[in-house]
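Visitor: Below is a structure I'd like to ask you about.
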Amino acid sequence: MTEMPRVALVEDDEDLRVSTAQLLSLGGFAVDAFPAAAPALAAIDSDYPGVVVTDVRMPMMSGIELFQTLRTRDPELPVILVTGHADVPMAVDALHAGAWDFLAKPFDPAALVAAVARAATARALALDNRRLRALASEADESGLVGRSPAIVRLREMIPVLANADIDLLVEGETGTGKELLARLIHRAGKRARHRFLAVACAALPDALLESELFAGVGDGSVVAASRGTLFLDDVDHAQPGLQARLVQLVEERSVRGSPVDIRVIATAAEEARRASDAITPALLYRLAAVRLRMPPLHERREDVPLLFAHLVDLSAARLRRPVPALTQGTRDHLSRHDWPGNVRELAHFADRFVLGLDAEASGATLPPSTAPLPGRVAAFEREAIVEAVLAVGGDAGAAMDRLGLPRKTFYYKVQRHGIDLNALRRRVER
């Protein structure tokens, strides 16, 4: 059963605290009620799985001071301020400082429930993103990211195979990470101090076999990989002449009569997907002392969010961009898409997400009609703003006129819905 989103309600007026807690409970939230800021601070840490609703005017510590203290603990924790009319300017300043929202007393009960629902959704996404990045960082040590049984098993086999001087055949669809697995096995063993010579078998013409790959010297020669690893990528696409020479090499471990100490790791498409004669039996049975299979993403869907978080971190570092917040639209796309291009396709999507260049990365997708009404209203409002900005070529002023919104209200809603105006302008310029 899905756990109810939590709300920390801080209100010194007992009657109002009880009635507001009841309102939020009926709205589908688990409420932690506090009569003052001090006990709330004692209970709310940086991983609090919910949002905070606090009155502004309270003895000892005000709601503004509570917000400022919580913000130092966790800038992503949504805090909704409940104010009297005299405190609205103060609440607006807090909004600019990062508060999630504010409501003036007497507030509309439906407005409070809707604001909390939006904040709870954002909080769940932020915590999810945080957990994924943490797990991705833990997986960085091996480089093979995932928690599915197949990936866990492959990670366990890396140290076992690293120093075993037997040849390997890694099979799998394109983009699944076959070369990554080969490199990890190479790096984990005694051969890591020597060359990992990668040969693109599909692109190597017969004319270069003797002058380059099987030459007695040269950086592209098998001899250069002595005591290291010879990596044969797409061996099932190798020409007959190359396959014949590879049979001889694997059998004799020599080049032009000189012995070479190499370990061979080859990759190929999955057996069910390649022609029966793509690899000659003589070569296949010599290479396949151990056969490993890299599963496609559609077979390990539980790994997609974790792998995406890892790729986003890499992309952000490479592109020197901040890591964007994970949106519901992106999350839905990750779960719905089949990823026929596997990890390679997911990596390209991570690049577009970091750059703000993908439609799914905008998060402008409406939830299904079965979603709670506040979430559907918020999503509709967000999409209306996004569509207006795109329709007028990224001009915020023209979008305000189109929507009939005052400037202050427009930017308030832009901030509340997490709309990146610069990313929308870049989409228009494409």
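Rule-based calculations on the coordinates, nothing more; no lab input. Since the structure is predicted, the reported quantities are computational estimates derived from the model, not experimental observations. Positions of Cβ are generated from backbone atoms using ideal geometry, with glycine treated the same way; all protein chains shown enter the neighbour counts.
Visitor: Over the chain, with a Gaussian network built from C-alpha contacts below 10 Å, which listed residue (A122, A38, A238) shows the highest mean-square fluctuation?
Guide: Ranking A122, A38, A238 by mean-square fluctuation puts A38 first.
Visitor: Moving on. Is the shape of the range 236-340 rounded, prolate or oblate, going by the alpha carbon gyration tensor and its root eigenvalues a ≥ b ≥ c, with a/c under 1.5 for rounded and a/b larger than b/c for prolate?
Guide: prolate
Visitor: Right, another one. Among rounded, prolate and oblate, which fits the range 149-294 when a ≥ b ≥ c are the square roots of the eigenvalues of its C-alpha gyration tensor, a/c under 1.5 means rounded, and a/b larger than b/c means prolate?
Guide: Here the range 149-294 falls in the oblate category.
Visitor: On a 0 to 90° scale, report how tilted helix 149-162 is relative to the longest principal axis of the chain, with both axes built from alpha carbons and the result rounded to the nearest 10.
Guide: The angle comes out at about 40 degrees.
Visitor: For K105, which lysines qualify as cross-link partners when the Cα separation must be under 23 Å and same-chain residues fewer than eight apart are set aside?
Guide: Cross-link targets: K408, K413.
Visitor: Any chance you could give the angle, 0 to 90 degrees and rounded to 10, that helix 63-73 forms with the longest Cα principal axis of the chain?
Guide: The answer is roughly 10 degrees.
Visitor: Hey, what did the range 6-137 get for relative contact order, percent, Cα under 8 Å, at least 6 apart?
Guide: Relative contact order here is 23 percent.
Visitor: May I ask for the percentage of alpha-carbon pairs in the chain that lie more than 29 Å from each other?
Guide: Of all Cα-Cα distances in the chain, 59 percent exceed 29 Å.
Visitor: Check which residues have an amide H placed less than 5 Å from L292's amide H, if you skip close sequence neighbours.
Guide: Excluding prolines and chain starts, which carry no amide H, the hits are L169, V170, E171.
Visitor: Relative contact order for the chain: what percent, with Cα pairs under 8 Å and sequence separation of 6 or more?
Guide: 12 percent
Visitor: Scanning the chain for GluC sites (Glu not before Pro) in DSSP loops with at most 11 other Cβ atoms within 10 Å, what's the longest stretch left with none?
Guide: Answer - 142-430.
Visitor: Oh, and also: Given a 10 angstrom Cα cut-off, can you work out which residue in P324, P295, P106 is the most mobile in a GNM of the chain?
Guide: Taking springs between Cα atoms under 10 Å, the residue moving most is P106.
Visitor: In addition: Just to confirm a number: summing +1 for Lys and Arg and -1 for Asp and Glu over residues other than S19 whose beta-carbon lies under 11 angstrom from that of S19, what do you get?
Guide: Summing Lys and Arg as +1 and Asp and Glu as -1 gives -3.
Visitor: Hey, could you get me the Stokes-Einstein D for the range 1-127, Kirkwood radius over alpha-carbon pairs, 25 °C and 0.890 mPa s, rounded to whole µm² s⁻¹? Could you put the intermediate results ahead of the total?
Guide: Details: Rh = 14.2 Å.
It comes out at roughly 173 µm²/s.
Visitor: How large is the helix-only mean residue ellipticity at 222 nm for the chain, computed as the sum of -39500 (n - 2.57) over DSSP H runs with n ≥ 4, divided by its residue count, in deg cm²/dmol to the nearest 500?
Guide: Result for the chain: -14500 deg cm²/dmol, rounded to the nearest 500.
Visitor: For helix 373-391, report the angle its Cα long axis makes with the longest principal axis of the Cα atoms of the chain; keep it between 0 and 90° and round to the nearest 10°.
Guide: Approximately 70 degrees, to the nearest ten.
Visitor: Also: Quick one: which residues, 5 or more positions from V82 or on another chain, have an amide H under 5 Å from its amide H? H modelled 1.01 Å from N in the peptide plane, none for Pro or chain starts.
Guide: T54, D55, V56, L103
Visitor: Can I ask one more? Between D338 and R153, what length comes free when the chain is fully extended (0.36 nm per residue of separation minus the Cα-Cα distance, one decimal in nm)?
Guide: 64.3 nm
Visitor: Within a Cβ distance under 10 Å of L81, other residues only, what is the Lys/Arg minus Asp/Glu net charge?
Guide: -3
Visitor: Taking the Cα centre of each part, how many Å lie between the range 163-196 and the range 231-280?
Guide: Using only Cα atoms to place each centre, the spacing works out to 15 Å.
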